[in-house]
Amino acid sequence: MNASRARLMSTSALCAAVASLLLHSPAVVSADPVAGIADYGNGCLVDPGNRAATVDSLRFRCGVAQQDQIYRDAQAGAIATGLTNGWVTRPPQLEATAPALWIGKVFRTGPDGGSLTNRVTGAGIEAFPADVYRAPSVLDGAPAWALNYAPSPTPQVYDEIREITPGVWFGYSWWREGSWPLLAAFVLTPA
């Protein structure tokens, strides 16, 4: 009976250790669509099969550090083409007012880039052209899609995006001066 009890206690201890590892280990995240849903914690998810859930997560559930990690985990991916809808995810002061000023972009791109215009005002007027090409990310130096506004009336603005899951791009808008302060983070999907 003592040997059985010892085995039971040993098995219980092993199960407790495994459960502890599973519960306290960081989640493995991947932006690879084959790997499935990437869980960044607290409801912050990237779901390759559900664009709306991914956009909702980026807008309302992911914190700044989680958004940055999602971006870092992603490859440049494919570039957007055609009409896209866009939402500002930060700073909070801009999230509420942005829809009256900016609602997305229109990409005229091929596999190697091209150009775009922004859709401004609720009417979607096209303005502020940018060149689109691959370049190292301002955030982490890895490949990203650069949206360079040097040819437009806003030459100090420089955006970069990555396709974080099929049909969902996340990116940053930088002010090209000094230490390149972040203006906003945003998400795009096909319209």
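At a probe radius of 1.4 angstrom, the accessible area of the stretch 140-188 per residue rounds to 33 square angstrom. Taking a ≥ b ≥ c as the square roots of the Cα gyration tensor eigenvalues, the stretch 25-139 comes out oblate, since a/c reaches at least 1.5 and a/b does not exceed b/c. Expressed as a whole percent, how much of the Cα-Cα distance distribution for the stretch 63-191 exceeds 21 Å? Percent of Cα pairs beyond 21 Å in the stretch 63-191: 32. The stretch between SER115 and ALA98, if pulled fully straight at 0.36 nm per residue, gains 3.9 nm over its current Cα-Cα span. Spin-label model, ILE125 to SER152: label points 7 Å out along the Cα-to-beta-carbon direction sit 1.4 nm apart. Measuring nothing but protein heavy atoms, the accessible surface of the stretch 111-191 at 1.4 Å probe radius is 62 percent carbon and sulfur. Using heavy atoms of the protein chains and a probe of 1.4 Å, the accessible area assigned to LEU83 is about 90 Å².
The values are calculated or read from the model by the stated rules, or taken from the named source; none is laboratory data. Here the structure is a predicted model, which means the values were calculated and not measured. Don't worry about glycine lacking a Cβ; one is built from the backbone with ideal geometry, like all the others, and counts go over all protein chains shown. All accessible areas refer to the heavy atoms of the entire protein, side chains included, with ligands and DNA or RNA removed. Shrake-Rupley method; radii C 1.70, N 1.55, O 1.52, S 1.80 Å.
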